[in-house]
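Derivation of every value follows stated rules applied to the coordinates shown; laboratory data play no part. Since we're looking at a predicted model, the values are computed, not measured. Heads up, the Cβs are rebuilt from the backbone with ideal geometry, glycines too, and the neighbour counts pull from every protein chain shown.
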Amino acid sequence: MRLSPSRRKPHPDSFAIALLRAVLACTVFVAMAQTDLLFAQTDTESGWFNADRTQALVLGIVLTGAILLYVVLAASGRPLFIRKIAGLETVEEAVGRATEMGKPILYVPGLNDMDEVQTIASMNLLGHLATIIAGYDSRLHVPVRKSLVMSVARETVQQSYLSAGRPDAYQEDDIHYVSDAQFAYAAAVDGIIVRERPAACFYLGGFYAESLILAETGNSIGAIQIAGTARPPQLPFFVAACDYTLIGEELFAASAYLSKEPRMLGSLKGQDAGKGIAIVFILAGSALATLESVTGNETVREVSQIVLWLFR
Amino acid sequence: MRRKIPLIITFIIGVVLVTGYFVTRGPFNTLYESFSDYFAIITVFAFILGGGSLLKIHLKRVSNRSTDWPYSVVTLAGFLVTLVIGLFKVGNPDGMGGEILAAGSWLRFLFDGVYNPLSATMFSLLAFFVASASYRAFRARTKEATILLSAAMVILLGRTPVGAWLTAWMPEILGFLELPNLANWIMAWPNTAGQRAIMIGIALGVIATSLRIILGIERNYLGRRE
Amino acid sequence: MRIPDSILHIDRRIIFLLIGAAVCIPLILQPRFQDSPTPIVQSIFDTVERLPSGSRVFLSFDYGPDTAPELDPMAKALVRHTMTRGHEVSFFTLFPEGLGQIKKITDNLLPVEFPEKAYGRDFVNLGYKAGLGGAINTMVVNFRTLINADAEGTPLDDLPMTADVDEMVDYAIILSLTAGDPGLKEWIQFAGDIAGIPVMGGGTAVVAPELYPYYPQQLVGLMGGLKGASEYESALVDRYPAYRNATMDATMRMGPQVVTHVLIVLLILLGNLAYFFGRSGRPGRNDRTDRADQADRRR
Amino acid sequence: MDVTLQLWIDAALTLMILSFLYRDNPFYKFAEHLFVGVSAAYLMAIGFWDHLVPNLLGKLFPSLMSGVVPGAVGRSPDYYYIIPAVFGLLLLTRLVDRWAWLSRWALAFIVGGSAGFNLPRFLDSDFIIQVQSTMVPLVVLDPAGNLLWGASFSHIVLVLGVICGLVYFFFSVEHKGILGHVSRAGIWVLMVTFGAAFGYTVMARISLLTGRMEALGAWLATMF
């Protein structure tokens, strides 16, 4: 896999800055809690802190703490494993195939705007993909529904071509706005698919009902199709009509997988810790609830209430 | 410097909004509440970029006489006519002060006559694609595909009166195996379990990505390093 | 080519033609299928039924014309039910296109079926508000900053029904008809979970599976797709037999549903039979080669 | 406007789009290109009148906008709205090459804002509450203390299903041994979910086509 030198290892400075920011963020939180105490005394009405969200704060600190911890560990050089994500290995093959056939590659970044985290994840993936494509000299076509996404996609792709040493290959007009209307966008992308006959189609981001319209049309021209979305309702259609589908969280993991960048892998490990926490609490909560229902024991009930409180 | 300031902005706004979620009053909270509002406003500015891109692409196609260029004329005409009608409320019975989609206005006619049928018909293509996709994909090739297929079949039949009719002969004790009941059970339990696992995973993905963005670890979206 | 092969690689346009026929023929012949409500739908009906007459109901039309065939029947059934029960209904939408959907109810259904109900006293149209989920958030935190007038600009204080609505919690229940984002999920996240107002409603069959995990803790009940609507209609007819002769859109539209579902099931069975008989001679065929063949044949 | 005319346009455009099912053709191309142009401008106009005018201009210059924004009369300006105005304008610097870098400030605001807005929201609704809803007793008894087989089985399926599904999403461990089996079961749970959701959706899609066919029927009816 081709990687730009700057991606291969993290910049020590930027990492120190990130850590500094984390400390700063914690300080803000603590300061906030302090003001809460201060104001709670002077203000008889209520404190500034929303007490209903204590649990979210506690779990938020635990989860973000776990993620940060692994990011720090990974950055300090601890090797991290990442499991195979079906579909991502074929990316390079798909790009190669497109080049051989002299056909373009279609990238659809979903319908959402930049206010959705999955669009940001999609832009990251587009960056990695563009780096690969730049090395192969095939055309990348990115029709976009939101003009903000267009701006970001252009920046990202241009940067990738630049770092791959092919700034000349970057074509601004290949990343273009279509229409904000969902089905006008779908109609136009369908048109692009049947007329340009891309060898590979990527659908990565937030998708709605148009998912199957695009994927079935792509299927009918025999393109290799790789999809991924964090919008659960559309997953079944991608699973049915595409060759590979990144399911939910896999979309967020894909960028770490492709870049193998230590801090990204560390963050992924932190996410796994989050799932571990979820599993442990589900098991504990269910066991306690079972005990409570079978024995009716008062102590069990109290303990289970505490666990339930943590999750509201 | 050109990269640092954006990262500082990201950090500040990120921390302020996260804080705003936990705080009941003050500027933090105001910002949290108004972010969507602000975003909607900025998006309108972004329309100018989008419209510019659309015009540029299609004008280029027309001037280069590329394949299918006459259709670009259709796009350009549709775009410009609608834009003028929309922005200046042309043909609005109540003038500039009237409701944008007031009954009888030209924009309303474009919406009801053009936008709406096109949108609904594109959407309805799905009825056909759902059939062709299920015909092709629902084949018992592997164990996973077989599970997918079986679940889909139960729901497909269970959601119509035919399902009830097919299994109505079952004795009462096996009532839970009647197709409508089985379909509802699958929706309520295994489906919920799968959806939840996906949702929890996504939540963690969103949390981690957001955190990386706020802390400046994730910065590809800013593009060029200078 | 052997028969199983030609079935496996059937031209998709033949499938398209069959689907078209399966929808059109029942539409012309109009068969009627009887339905009965499942618990998840019944619980919405029961909640609306048990509310004391004159309760305030918030009904959000979070959909546009493209999903209207599925959600309009629910809207009609809910409006008929709430009006019959004498509740005060506030219409609202988070979709710009939702205004048109509200208008269909206030201009066409209400004057015909409930001529005695008056605007401002029995129902109001609060119009469209932008801001997606954030708008709900604002309404819960401070209702009047977002909504201070109805869709026509009449201040809420001048309308008898809304004069003393100051907060979201002044509504007994929130009903949303959902086509996507924002919709029931956001109503649950920003209003139900936070302000404790019971949230329920209907969703297209696409969004419904995503909403199941919220039932019953965070979501009182859910009508999923046309089937959910037809179940609500049957619950309504059971309780108020006067509606037996009214046009029940969802019930009418179940005909094409039934025929197409059966057709799709038959197609899937056929595909599998052909697959098993066609596979015996050639092990190791998979998706990819199938697809390449298919595409090559078409070119 | 004339209802009959509208019915005819409606029917013509519907048939043009449906013709795509046969193959790409000039009618579809025409409808597609018309749709792109009209819809892009339509949504821009709606965005302008529904967001920019009442939410920005109406908030910053209420007295100036009183003619077009109901309720703006007598309101004092809300200066917080300078924030989106500034960032919105910064975004437009993209149009000028020399200042284009300034548009990143706006992007930074939006991306940072979405991160800050979504982090706690997903934590609360999709993590905490979903975990909590899965903490159910594996043995369900009725008030008299008798075992409810069906409900207990359902609860076990739910808890095990969620756990297996979560294990499938573990990225930093190899899916081997016991973990491999559990993750395999996780895939099965996901497959049931996808199959069920797919089957459930077929209905919605057919409803949409029914709606379109009814519209075509109304058009045909005008001819006879």
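Brief remarks follow.
- Volume of the Cα convex hull of region B:1-87, divided per residue and given in Å³: 151
- Taking 7 Å steps out from each Cα toward its Cβ at D:MET223 and C:ARG32 produces label points 3.1 nm apart.
- Cα shape, region C:56-148, gyration tensor, a/c 1.5 rule: oblate
- Of the complete DSSP H runs in chain C, those spanning 27 angstrom or more by Cα along the long axis with a mean Kyte-Doolittle score not below 0.5 are C:249-279.
- Rg/Rh for region D:136-224 (Cα atoms only, Rh after Kirkwood) is 1.33.
- Selected from A:MET123, A:VAL108, A:ALA153, residue furthest toward positive end of dipole (region A:90-259; charges at beta carbon): A:VAL108
- Sites C:VAL112 and C:ARG13, calculated FRET efficiency, Cβ-Cβ separation with R0 45 Å, nearest 0.05: 0.60
- Region D:1-77 - percent relative contact order, Cα under 8 Å, separation 6 or more: 15
- If R0 is taken as 41 Å, the Cβ-Cβ distance between C:TYR240 and D:ASP2 corresponds to a FRET efficiency of 0.55.
- Reported to the nearest whole Å, the Cα centre-to-centre distance from region D:7-81 to region C:234-256 is 36.
- Cα-based Kirkwood hydrodynamic radius, chain C, one decimal, Å: 21.3
- Here's the picture: charge each Lys and Arg Cβ at +1 and each Asp and Glu Cβ at -1 in region B:4-134, and of B:ALA131, B:GLY14, B:ASN92 the one pushed furthest to the positive end of that dipole is B:GLY14.
- The C-alpha radius of gyration of region D:1-77, expressed as a fraction of 2.2 N^0.38 Å, stands at 1.74.
- Aspartates and glutamates with Cα under 17 Å of D:LYS176, excluding same-chain neighbours fewer than 8 positions away: A:ASP272
- Put simply, the amide H of C:MET223, placed in the peptide plane, has neighbours under 5 Å in C:GLY201, C:GLY202, C:GLY203, leaving out anything fewer than 5 places away on its chain.
- Derived scalar couplings ³J(HN,Hα) [region A:194-200; Karplus, 6.51 cos²θ - 1.76 cosθ + 1.60; whole Hz; x for Gly, Pro]: 6, 8, 8, 6, x, 7, 9
- Fewest-first sequence of D:PHE117, D:PHE122 by Cβ atoms within 10 Å of each Cβ: D:PHE122, D:PHE117
- Between B:VAL73 and C:LYS104, the FRET efficiency estimated from the beta carbon spacing at R0 = 30 angstrom works out to 0.25.
- HN-Hα J in Hz across region A:68-76 - Karplus 6.51, -1.76, 1.60, θ = phi - 60°, x for Gly and Pro: 4, 4, 5, 4, 5, 4, 5, 5, 7
- Label-point gap, in nm, between C:LEU266 and B:ILE8 - each point 7 angstrom along Cα→Cβ: 7.1
- Chain B: relative contact order in percent, alpha carbon pairs under 8 Å with at least 6 residues between: 16
- Annotation: the protein assembly as shown has a Kirkwood hydrodynamic radius of 29.6 angstrom, from the mean reciprocal C-alpha pair distance.
- Between region C:77-101 and region A:179-230, the alpha-carbon center distance in angstrom: 35
- For chain D, hydrophobic long helices are taken as DSSP H runs at least 24 Å long by C-alpha position along their axis with mean Kyte-Doolittle hydropathy of -0.5 or more; these are D:26-47, D:103-121, D:149-168, D:177-223.
- Counting Cβ atoms of other protein chains within 10 Å of each Cβ in A:65-73 and taking the mean gives 2.
- Under a 5 Å amide H cut-off, with hydrogens placed 1.01 Å from N, D:VAL140 pairs with D:LEU148, D:SER152 among residues at least 5 apart or on other chains.
- For chain B, complete DSSP H runs whose alpha carbons reach 18 Å or more along their own long axis and whose mean Kyte-Doolittle score is 1.6 or higher are B:4-22, B:69-87, B:143-158.
- Comparing D:GLY150, D:GLY195, D:GLY58 in a Gaussian network model of chain D, where Cα atoms under 10 Å apart are tied by springs, the biggest mean-square fluctuation is seen for D:GLY150.
- Exposure proxy order (Cβ contacts within 10 Å, fewest to most) of C:LEU126, C:LEU59: C:LEU126, C:LEU59
- Distance between region A:252-281 and region A:295-312 - C-alpha centres, whole angstrom: 31
- Close amide H contacts of D:SER66 (hydrogens built in the peptide plane, cut-off under 5 Å, sequence separation of 5 or more or a different chain): none are found.
- Evaluated over the Cα positions of region D:69-224, the convex hull gives a direction-averaged projected area, one quarter of its surface, of 23.5 nm².
- Computed over the Cα atoms of region C:162-226, the ratio of the radius of gyration to the Kirkwood radius (Rg/Rh) comes to 1.00.
- Per-residue Cβ neighbour rank within 10 angstrom, fewest leading, A:LEU162, D:LEU141, D:LEU220: D:LEU220, D:LEU141, A:LEU162
- Per-bin percent of Cα-Cα distances, chain B [10 Å]: 6, 13, 19, 19, 28, 12, 3, 0
- Taking the Cα centre of the protein assembly as shown as origin and assigning +1 to Lys and Arg Cβ atoms and -1 to Asp and Glu Cβ atoms, the resulting dipole is close to 3680 debye.
- Average Cα contact separation per residue, region C:39-247, under 8 Å, 6 or more apart, as relative contact order %: 26
- Greater than 18 Å apart at Cα, pairs in A:LYS84/A:LYS269; C:LYS76/C:LYS104; A:LYS269/B:LYS143: A:LYS269/B:LYS143
- For chain C, the mean residue ellipticity at 222 nm estimated from helices alone is -14500 deg cm²/dmol, where every DSSP H run of n ≥ 4 contributes -39500 (n - 2.57) and the total is divided by all residues, rounded to the nearest 500.
- Distance between the 7 Å Cα→Cβ label points at A:ALA284 and C:THR47: 3.2 nm.
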